Amino acid sequence: MPEFYGKALKYFEMNKQKKLPKNFDPKTLTISHIGSRGEGISKLCTEFNYQEKNYNFFVPYTLPNELVIAKPKNLSSEGIRAELIEIKTPSSERVNPECKHFFKCGGCLLQHWNLKSYKNWKIEKISHPIRQISQEIEIKPIISSPIKSRRHAKFIAKKNKSKTIIGFNEYKRHYITEIDKCIILDKKLIKLIIDIEEAINELLEIGDTIYIHANLLDHGIDLLIDGLNDTSYKNLIRFNESIIKTNVIRLHRTRKDKTLDLLFVKEQASLTNTLYSSIIFPPPGSFLQATQNGENTIIENIIKALANINKRKFICELFAGCGTITLPLLSKNFKVNAYEINVESINAINLASKKQGFVNKISALPRNLKTYPLTSEELSKFDAIIIDPPRSGARDQFLNIAKSDVPIVISISCNINTFIRDAWILIENNYILKWVQPIDQFLFSPHIEIVCLFERNEAN
């Protein structure tokens, strides 16, 4: 078992942090490298509680080889998190961030780094741990989504005494940065929060905080409001009248019992993938790939990986969501059994399949794959498996995949640590990791998506 495997599990565990005394002196630090979360890291021997120890200091908005002054804030088992006070010696790789909200908004962390170094870091972020488990692996060039292409966002709105602020949390803080421009989000999402500010302000009471989930679809924005307290019918009617004037095509709110309340709908919400002639009908608040470019890159790599399977073309898709991969596969004459815990997402797949004449090619069923994974016997009838688990991975499901005799496994992941854990299960059970495609959909953040191909080693 590679050394990195054990290290990955440590990152997977949450570390409790405790605040350091306010009189803790600022430290002069030399940043050695950028860590997996996008923060600059420096090691320094520091006295705390009358004991000297070498601590890792984590300082956001810094770069390798910079000399900085930082104020220690919190202590965890990983080290000390600190706040940048001053850059004494800036890096030659430092650039001026394009966004005026950078350094406050927590949506981005690395706009101050030149693109070449930033991309190299993202590649190294995945390539180093992957090489620990497979030396011969082909790591393809990274594919980056364009700026202003992000099609979904989760905004926070809070009403203060003076006004309602809509935006994103500051980095590692609960204060909200008000957003009126963004180089990441599609401009239609920015226009939305400007358009709805007055309506939200009238709806909320002082001190109220709500979460606004916005998905940009074909004909407008699908909106889900979470955390809205019970309010008068009159207020909701007035709110609806204001929202209808915007680019919102459908509006839901989440009730206290977690059920959804439809407030209004202009038309059936749909999302078209023109490249693959597929139409998806996502339920409110659905998970979508962050960008159309990223989604297409994932699908293109999946189809390439499936090019040599037998004529049955029988695919098992695990954690299928609302069908953004399923429908393009059906349009390419694959037969798919799709599994997903969310019943509304399964209904969306079945609706889209029916409208496009794919009912004979699809079986979409609700199933909790975390507690009730598909068994090796159930899996063995398929020609290939596609699995796109949540960030926590799918250890139990991978254990069952490893026991099957399915020749091809395509894994999609947004968490390198849980991917390494789950990939090692396949590798230990006679699967070979052939290639990895990195995709940067979350520009200037530490996050990176990967699509990977495993093939069963028939020689053994």
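Every number in this text was worked out from the coordinates using simple rules, so none of it is lab data. Source: prediction; values computed, not measured. Quick reminder, even Gly has a Cβ in these numbers, built from the backbone with ideal geometry, and neighbours come from all protein chains shown.
Values for this structure:
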{"item": "Neighbourhood charge, 13 Å Cβ-Cβ cut-off, centred on Asn310 and excluding it, Lys, Arg +1 and Asp, Glu -1", "result": "+4"}
{"item": "Under 19 Å from the Cα of Lys234 - lysines, other chains or at least 8 residues apart", "result": "Lys245"}
{"item": "Charge context of Phe398, other residues only, Cβ under 11 angstrom, K/R +1, D/E -1", "result": "0"}
{"item": "Among beta bridges that DSSP assigns inside the chain, antiparallel share in %, nearest 5", "result": "70 percent"}
{"item": "MRE, 222 nm, helices only [DSSP H, n ≥ 4, -39500 (n - 2.57), over the chain, to nearest 500]", "result": "-8000 deg cm²/dmol"}
{"item": "Mean separation of Cα contacts under 8 Å, 6 or more apart, over the residue count of segment 329-420: relative contact order %", "result": "25 percent"}
{"item": "Relative contact order (%) - segment 19-166, alpha-carbon pairs under 8 angstrom, separation at least six", "result": "16 percent"}
{"item": "Proximal lysine pairs, segment 339-416, alpha carbons under 28 Å, eight or more residues apart or interchain", "result": "8"}
{"item": "Lysine pairs within segment 13-94, Cα separation less than 15 Å, 8 or more sequence positions apart or different chains", "result": "15"}
{"item": "Net +/- balance of residues flanking Thr324 in space, Cβ distance below 12 Å, scoring K and R +1, D and E -1", "result": "-3"}
{"item": "The chain: relative contact order in percent, alpha carbon pairs under 8 Å with at least 6 residues between", "result": "13 percent"}
